[in-house]
There are 2 protein chains.
Amino acid sequence: MQCTLAFDVYGTLFDPQGIERAVAAFAPERATEVAAMWRHKQLEYAFRRGLMQRFKDFSVCTRDALRYCNELYGLKLTDTDEAVLMEAYNLLPLFDDVQQALQMLGKQHRIYAFSNGCKPMVESLLENAGIANEFNGVVSVSDVKSFKPDPKVYTHFLREANSHPEQTWLVSANGFDIIGAGSVGMRTAWVKRDPAAAFDPWGAQPELVVESLIRLPNQLPVR
Amino acid sequence: MQCTLAFDVYGTLFDPQGIERAVAAFAPERATEVAAMWRHKQLEYAFRRGLMQRFKDFSVCTRDALRYCNELYGLKLTDTDEAVLMEAYNLLPLFDDVQQALQMLGKQHRIYAFSNGCKPMVESLLENAGIANEFNGVVSVSDVKSFKPDPKVYTHFLREANSHPEQTWLVSANGFDIIGAGSVGMRTAWVKRDPAAAFDPWGAQPELVVESLIRLPNQLPVR
């Protein structure tokens with residue numbers, strides 16, 4: 001059966017912790033901690049802006065989260081440093097299972113990138129990584145001015161991809177994304193690359209759990 | 001001038017990190033880390049449930065966050081252990097500047113507790129700490145089935161306290177709370193007990209910053 005696969009981008013295709021290498025130039029002693037906090041605040045700001053109905057582009061959440069880290073850790077970043085780090089965010093590394101998995105899945109399914117990021121930012125990420133051609137399209141939450149896991153961003157995806165929820169899989173390493181997609185009836189595959197990762201115990205569980213995207217082609221139901 | 005003061009409860013009057021002592025019985029080696037993660041996930045779950053419009057009582061967010069920690073850290077909590085820890089959450093320690101500040105402020109202003117927690121939970125916290133009589137009332141977000149910083153919880157407060165935003169101060173140690181209250185025109189005092197704390201650099205700033213609640217009576221404008 002042909003399905004529509006909605007791939008989350010940050011954390012699922014690309015590794016946000018990969019920013020650590022760029023961060024190390026400015027915080028050599030605590031690059032891991034700063035990179036993790038940057039990601040943590042980026043997501044928190046998206047949740048809060050969604051809840052406040054005060055939408056700004058995800059790049060604004062990302063920049064504000066960097067500025068928070070700058071103050072918290074006393075990094076003393078100049079405007080140029082900030083620009084360097086923001087640019088590095090457009091060159092995040094792919095997880096190493098992505099390319100092969102996309103090529104396998106693309107033979108049978110319709111494949112979309114579905115992201116909190118705005119379309120130009122996501123398109124440039126995919127281009128830079130050389131995987132733009134694997135996708136049938138890019139859908140951004142920006143069109144509806146909210147963020148995952150607001151239910152309206154998932155119904156927006158279904159509309160844009162012209163796909164029924166029963167034939168649409170959200171593929172994500174982010175628990176909030178799985179629970180959000182499940183709440184509108186989409187099917188869900190949680191990418192659990194880290195064996196120690198815990199799934200949010202809200203009750204709703206992902207339909208599939210894969211330790212690598214490579215496992216996905218064989219796990220998706222045949223009919 | 002008599003003002004209405006809306007005191008945030010968790011993190012402002014009571015110290016959520018104080019749960020560390022109870023946690024230490026189950027995770028002696030990493031009680032600080034587990035307590036911090038418990039608080040972090042509790043807030044994240046509230047933001048996400050607000051954004052998803054899938055409200056559950058804050059006590060459910062608190063319990064789910066504990067269960068997440070249980071799985072992440074492999075704590076192997078029994079049902080009884082969970083009940084013990086949830087009960088400990090009703091006995092969080094007061095910050096040591098609270099009692100004196102409330103007594104001073106109560107002479108001139110109308111004082112409310114305004115919390116993500118449901119009313120019975122907050123009332124029992126205030127009773128247990130012996131400060132219930134300092135408050136003119138308790139307002140909970142539960143009445144409008146969302147969480148801070150959803151703008152509607154702040155307008156709900158204003159309605160319940162029958163107070164104009166220009167005469168109403170949100171007093172909180174939580175940046176998300178300050179920004180949320182500011183977005184509906186309330187006045188804001190950020191309690192920055194930790195000198196290293198960073199304020200979210202979204203643009204909006206608190207009108208007052210106090211390092212201790214004791215400083216608040218002298219900082220509130222006379223007219």
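Over all other residues within a Cβ to Cβ distance under 15 Å of A:Ser124, the charged ones net out to -3, with Lys and Arg as +1 and Asp and Glu as -1. Chain B against chain A buries an accessible area of about 3000 Å², both chains summed, 1.4 Å probe radius. In nanometers and ordered shortest first, the copy-to-copy spacing of the A:Glu71 label point, defined 7 Å from Cα toward Cβ, is 3.4.
Only alpha carbons enter this Debye calculation for chain A, each as an equal point scatterer, and the log10 of I(q)/I(0) it gives at q = 0.11, 0.18 Å⁻¹ is -0.52, -1.39.
For the residue pairs B:Lys119/B:Lys152; A:Lys107/A:Lys192; A:Lys56/B:Lys119; A:Lys41/B:Lys145; A:Lys56/A:Lys76, the C-alpha atoms sit more than 22 angstrom apart in A:Lys107/A:Lys192; A:Lys56/B:Lys119; A:Lys41/B:Lys145; A:Lys56/A:Lys76. Plainly put, the tip 7 Å out from Cα toward Cβ on A:Ala197 is 3.2 nm from that tip on each other copy, the closest given first.
In whole angstrom, how long is each semi-axis of the equivalent ellipsoid of the protein assembly as shown, when you take the square root of 5 times every eigenvalue of its Cα gyration tensor and sort them from largest down?
Working: eigenvalues 317, 112, 90 Å².
Values for the protein assembly as shown, descending: 40, 24, 21 Å.
Within the set of other residues whose C-beta is less than 14 Å from the C-beta of A:Thr188, count the net charge using Lys and Arg as +1 and Asp and Glu as -1. Net of charged neighbours comes to -2.
Evaluate peptide B:175-187: per residue, the Cβ atoms of other protein chains within 10 Å of its Cβ; return the mean as an integer. Please report the intermediate quantities before stating the final value.
Values: counts 3, 6, 0, 0, 4, 4, 0, 0, 3, 1, 0, 0, 0.
For this peptide, the per-residue mean of nearby foreign Cβ atoms is 2.
Membrane-span-like helices in chain A, defined purely by DSSP H runs whose alpha carbon atoms cover 24 Å or more axially and whose average Kyte-Doolittle hydropathy reaches -0.5, are A:31-52.
Averaged over its residues, how many other protein chain Cβ atoms are within 10 Å of peptide B:40-47's Cβ atoms?
Values: counts 2, 2, 0, 3, 7, 3, 2, 10.
Mean shielding by partner chains, rounded to a whole number: 4.
Hull volume per residue, based on the alpha-carbon atoms of the range B:1-53 and their convex hull, is 100 Å³. In the elastic network of chain B, a GNM with C-alpha springs shorter than 10 Å, the most mobile of B:Met104, B:Met52, B:Met86 is B:Met52.
Report the calculated FRET efficiency for B:Thr155 and A:Met104 (r = Cβ-Cβ distance, R0 = 51 Å), to the nearest 0.05. Write down the numbers at each step before the final one.
Working: r = 51 Å, r/R0 = 1.01.
The calculated FRET efficiency here is 0.50.
Ascending distances from the A:Glu211 label point to its copies in the other chains, with the point 7 Å along the Cα-to-beta-carbon line: 5.2 nm. Modelled spin labels at B:Ala25 and B:Thr80, positioned 7 Å past Cα toward Cβ, are 1.1 nm from each other.
One equal scatterer on each Cα of the range B:170-210, no solvent, Debye formula: the resulting log10 I(q)/I(0) at q = 0.16, 0.18, 0.27 Å⁻¹ is -0.31, -0.40, -0.89.
Please compute the Kirkwood hydrodynamic radius over the range A:16-91, one decimal place, Å, based on all pairs of different Cα atoms.
Details: mean 1/r = 0.0806 Å⁻¹.
Taking the inverse mean of 1/r over all distinct Cα pairs, the range A:16-91 comes out at 12.4 Å.
The values are calculated or read from the model by the stated rules, or taken from the named source; none is laboratory data. Fair warning: this is a prediction, and the values are worked out from it, not measured in the lab. Cβ sites come from the backbone with ideal geometry, for glycine too, and all protein chains shown count toward neighbours. In case anyone asks, the SASA skips ligands and DNA or RNA and just uses the protein heavy atoms, side chains included. Shrake-Rupley method; radii C 1.70, N 1.55, O 1.52, S 1.80 Å.
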